[in-house]
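Right, one structure below, let's go through it.
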Amino acid sequence: MKKILSFIILAVVITGCSSTKPILNLQNEPVSEHVSITDVTQIEVQEAILAAGAKLGWTGEVIEPGLIDATLQLRTHEAVVEIAYSDKQYSINYKSSKNLKYKDGNIHKNYNRWVANLSKTIKEQVIYRASLTGDEAIVNTSKGMSIWEVDGDRKVSAIRIMSTGVGLNSVLFSEGTHTIGGMVVKRQLKIGSVDYKAKHEYLIDYVIEDKKIYYWVKDLTDNVVVYGTDRKSQ
């Protein structure tokens with residue numbers, strides 16, 4: 001009996017320890033590893049960081065040119081990072097946290113996953129900006145949303161839709177008026193005509209209230225809602 005009890009205690013201790021990992025700090029990450037970017041400015045990198053954060057639920061604050069504080073709040077958990085950046089690279093460093101088991105340079109393993117995902121999305125946002133030809137807009141979706149149809153034309157295969165229900169998280173739109181079809185939390189997403197401006201970035205966001213889903217489109221460049229009502233700001 002004592003052996004069994006000792007084994008159970010040991011298993012609990014091991015399980016508890018495995019939930020934390022050394023903090024992931026990313027230093028001097030290139031803004032892109034897959035394409036040659038020579039015309040991306042520091043402002044565009046800043047916009048990419050803010051957009052990547054917004055897409056994943058981080059709230060970004062520009063402290064000064066070249067430095068952003070980003071905060072992620074999930075229920076009772078909070079993570080805050082400092083992001084230093086230039087037109088060529090960026091670094092993501094731990095600043096503070098709440099309820100993430102931080103101690104002696106270790107933290108809940110989810111934190112490292114959040115930071116790695118933020119870094120990956122920053123690079124994607126930089127690539128989108130570098131790929132703009134002058135007559136395109138970037139349209140992103142919040143986590144839990146996806147696009148599979150634009151102006152009635154399928155952008156994602158029917159097989160993928162039937163098997164996963166997942167579409168695209170980011171789409172480049174030519175300047176002008178477009179309609180969108182997709183998914184939001186396993187329900188059909190339909191957004192009517194919106195006039196998208198060249199080199200502007202848009203975010204499709206949503207909230208769930210009393211089991212109803214409300215969604216809207218926000219022009220992040222002009223900081224204005226162009227479709228629906230931003231219920232998070234009410």
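What follows is calculated from the coordinates using simple rules that are stated; it is not laboratory data. Keep in mind the model is a prediction, meaning the values are calculated, not measured. Every residue, glycine among them, receives a Cβ derived from its backbone with ideal geometry; neighbour counts consider all protein chains shown.
For the reader, a short list of remarks on this structure follows.
- Backbone amide hydrogens, once placed in the peptide plane, bring residue 151 within less than 5 Å of 179, 180, 181, excluding anything fewer than 5 places away on its chain.
- Projecting the Cα positions of 72, 31, 111 onto the charge dipole of segment 21-131 (unit charges on Cβ atoms of Lys, Arg, Asp and Glu, taken about the Cα centre) puts 111 furthest along the positive direction.
- Test item: Cα-centred dipole of segment 136-227, Lys/Arg +1 and Asp/Glu -1 on Cβ, debye: 480 debye
- ³J(HN,Hα) computed for each position of segment 76-90 - Karplus, 6.51 cos²θ - 1.76 cosθ + 1.60, integer Hz, glycine/proline x: 8, 9, 9, 10, 10, 10, 9, 10, 8, 8, 9, 7, 10, 7, 8
- Each residue of segment 94-104 is assigned a 3J(HN,Hα), and the resulting list reads 4, 10, 6, 7, 9, 6, 10, 6, 5, 6, 6 Hz, derived from the Karplus form 6.51 cos²θ - 1.76 cosθ + 1.60 (θ = phi - 60°), x at Gly and Pro.
- Members of 55/186; 95/232; 155/197; 123/211 lying beyond 29 Å, as alpha-carbon distances in this model show: 123/211
- Average Cα contact separation per residue, segment 136-227, under 8 Å, 6 or more apart, as relative contact order %: 29 percent
- Cross-link partners for residue 88 among the aspartates and glutamates, with Cα-Cα distance under 16 Å and sequence neighbours closer than 8 places in the same chain left out: 29, 33, 39, 44, 47, 124.
- Cut-off under 5 Å, modelled amide H: who pairs with residue 226 long-range: 217, 218, 219
- Cα gyration tensor, segment 178-234 - rounded (a/c under 1.5), prolate or oblate: oblate
- Cβ crowding within 10 Å averaged over residues, with 221-228, 180-187 ranked highest first: 180-187, 221-228
- In a simple Cβ point-charge model (Lys, Arg +1; Asp, Glu -1; nothing else charged), segment 21-131 has a dipole of about 720 debye relative to its Cα centre.
- Taken one residue at a time, the phi angles of segment 110-115 give Karplus couplings (6.51, -1.76, 1.60, θ = phi - 60°) of 4, 4, 4, 5, 4, 5 Hz. Gly and Pro are set to x.
- Convex hull (Cα only) mean projected area of segment 21-131, reported in nm² to one decimal: 6.4 nm²
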